[in-house]
Every structure is written in C-alpha cells, then in structure tokens.
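Let me begin by presenting the structure, written as structure tokens, before commenting on it.
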Amino acid sequence: MANGELKAVQRRPANRTRGEWLLDAIAFASMFASVVGLMSATYVMSVHTAYTFLGDPAARERFSSMYQSFLPALAAYMGIAVILAVVLWITMLLDCARAISLGKGRRYVIWMVILVLLHVSAAWLYYLIERRPRRLARADFAS
C-alpha cells in the first residue's frame, strides 16, 4: 500500500453447484411461503370471527362469498408451501445423517433428534445455523 492508499478487498463469489443454488431457493421459498400462507390464513380466520360475532346476516353472506373464492387459492398456495417445506426437511435430515456417518461429533446427533421432533421449523434452523455457514466456509476454503 503505497502513499497511504487503502487497497480494496474484493471478495470472489462463492463457487456454488447447481444443487446448492436449488437448496437455497427451496429453503428461502419455503420460509417465505409459510409466513405468507400463515398470514393469509390468520386474516381469513379473523374476518370470519369478526363477522360471526357481529351477527349480521349480510356480513356473513359477504364473508361466505369471499371465503369461497379465496379458499382454493389459499389451499393451492399452502400445498406448495408444504411440499417445499417437506423437501427442505428431508434434505436437512439427509445432510445431518451424512455428517453423523462421517463422525463429525455429537452435535449432529442432537440436531438429528431436534429435526425429528420439530420437523420443518428445525429444518430452517439447521439450514441457517449449520448447513449454510458450513457450505460458505467450504467455498471460501476452495477459493
């Protein structure tokens, strides 16, 4: 560094395989779809509860027509969210089992128990805490 100039540090993009890109996409799409789906279902239930307690027959009729048009879209959306979440969960189970078979420590045995008990929410945590940082470290080591 001549004359007090700071040299800009350029970070090369991580070399990621197509499978890793797909896993990232599934993980984030699953998280996003679940949050949006739960928000939509909560909205429908709160509107239903409000109209039920109002006791207004016209309000019930409006809700009924809205619900009948909204339900198929919500069901399809939640179906896609569930499929993505199950794919993520199974992928994280397999990743954890591979780490156990390689003898990486008791930490992965504990993760396996957590994954079996808490399903998708544990899969998201495992992905964010264990899988993604380990993959990024491997990519940094390779570069």
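Things to note:
- Filtered by the rule that a residue be farther than 23 Å from Ala137 by Cα and modelled with pLDDT under 75, the stretch 11-36 gives no residues.
- Scanning the stretch 105-135 for residues that are at pLDDT below 85 and over 25 Å from Val86 (Cβ atoms) yields a single hit, Gly105.
- Residue check, Gln68 at pLDDT 70 or above, over 30 Å from Ala122 (Cα atoms) and out of contact with any strand residue (DSSP E or B) (no Cβ under 8 Å at 6 or more places or on another chain): yes
- Note on the stretch 82-125: residues that are surrounded by fewer than 19 Cβ atoms within 10 Å (Cβ to Cβ) and in contact (Cβ under 8 Å) with a residue 40 or more places away in the chain total 1.
- Check on Gly79, outside any helix (DSSP H, G or I) and either at pLDDT below 90 or out of contact with any Phe, Trp or Tyr (no Cβ under 9 Å at 6 or more places or on another chain) (or both): no
The values are calculated or read from the model by the stated rules, or taken from the named source; none is laboratory data. What you are looking at is a predicted structure, and each value in this text was computed from that prediction instead of being measured. Glycine gets a Cβ as well: all are built from the backbone with ideal geometry, and neighbour counts include every protein chain shown.
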